[in-house]
Amino acid sequence: MSVDPKAPYDNQNIFAKILRGEIPCNKMHEDDHVLAFEDINPQAPNHVLVIPKGAYVSWDDFSAKADDAEIAGFIRGVGHVARILGLVEPGYRLLANVGHHGHQEVPHLHVHLFGGQPLGPMLAR
Ligand code: AMP
């Protein structure tokens, strides 16, 4: 079921549990602002999720409420993960699903980072 982007943050969501160390993940990077880990159901040779450490439901929530340091830290963190994975030269794709039409399933903001092969058109046709 997709996420209601206007619902309050649920601190029992699976990414909140990963952030608290209650559920394991295959960590790719962590700093003061972000955690990056491999998607459990990869859709490309590289499929990493980058999440802010703060409690934000979605891109909408984060862009409206996060402070400038959190936003800068998150954007820089996403770029850093792409660089450490060696994806800048071949290229990569970022995707953030929001709400029902976006088919967001986990109610903690995450950016999908895909790479490792040509990724084809932006949306399935
Ligand atoms: P979205 O539809 O954008 O909310 O995507 C949620 C993503 O989280 C999916 O690609 C799932 O495969 C991924 N996911 C769900 N649970 C886990 C988990 N425990 N560890 C890593 N990735 C997960």
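The values are calculated or read from the model by the stated rules, or taken from the named source; none is laboratory data. Keep in mind that what you see is a predicted model, and the values were worked out from it rather than measured. FYI the Cβ positions are ideal-geometry reconstructions off the backbone, even for glycines, and counts take in every protein chain you see. Please note that ligands, DNA and RNA were not included when accessible areas were found on the heavy atoms of the full protein model with its side chains. Shrake-Rupley method; radii C 1.70, N 1.55, O 1.52, S 1.80 Å.
Kindly indicate which of 82, 72 is farther than 20 Å from residue 115 by Cα and open to solvent by less than 80 Å² (accessible area, probe 1.4 Å).
None of the others qualify; the one that does is 72.
With the condition kept exactly as written, say whether any residue in region 109-119 is within 11 Å of the ligand (Cβ to nearest atom), modelled with pLDDT of 95 or more and in a loop (DSSP other than H, G, I, E, B).
yes
Which residue is nearest to residue 79 (Cα to Cα), if the candidates are limited to region 8-54 and must be hydrophobic (A, V, I, L, M, F, W, C) and over 13 Å from the mean Cα position of the chain (by Cα)?
Going through the qualifying residues, I end up with 44.
Just checking, does region 90-106 include any residue being touching a residue at least 12 places away in the same chain (Cβ under 8 Å), away from the ligand (no atom under 16 Å from the Cβ) and part of a helix (DSSP H, G or I)?
Within region 90-106 (the criterion being touching a residue at least 12 places away in the same chain (Cβ under 8 Å), away from the ligand (no atom under 16 Å from the Cβ) and part of a helix (DSSP H, G or I)), the answer is no, since none of the residues qualifies.
Within region 24-33, count every residue that is within 19 Å of residue 112 (Cα to Cα) and either in contact with a His (Cβ under 8 Å, 6 or more places away or on another chain) or in a loop (DSSP other than H, G, I, E, B) (or both).
6
What number of residues within region 107-125 satisfy the criterion of being within 15 Å of residue 3 (Cβ to Cβ) and surrounded by fewer than 16 Cβ atoms within 10 Å (Cβ to Cβ)?
0
Here's a check for you: in region 5-23, which residue that is assigned to a helix (DSSP H, G or I) and within 26 Å of residue 101 (Cβ to Cβ) is most open to solvent (accessible area, probe 1.4 Å)?
Across region 5-23, the extreme among qualifying residues is 14.
Quick one: how many residues across region 9-33 are under 12 Å from residue 108 (Cα atoms) and either touching a Gly at 6+ places or on another chain (Cβ under 7 Å) or free of Cβ contacts under 8 Å to residues at least 12 places away in the same chain (or both)?
Qualifying residue count for the region: 2.
Just the residues that are open to solvent by less than 50 Å² (accessible area, probe 1.4 Å) and within 13 Å of the chain's Cα centre (by Cα), please, taken from region 55-69.
The answer is 56, 57, 58, 62.
Out of region 28-53, which residues are open to solvent by 20 Å² or more (accessible area, probe 1.4 Å) and closer than 21 Å to residue 10 by Cα?
Within region 28-53, 33, 39, 40, 53 meet the criteria.
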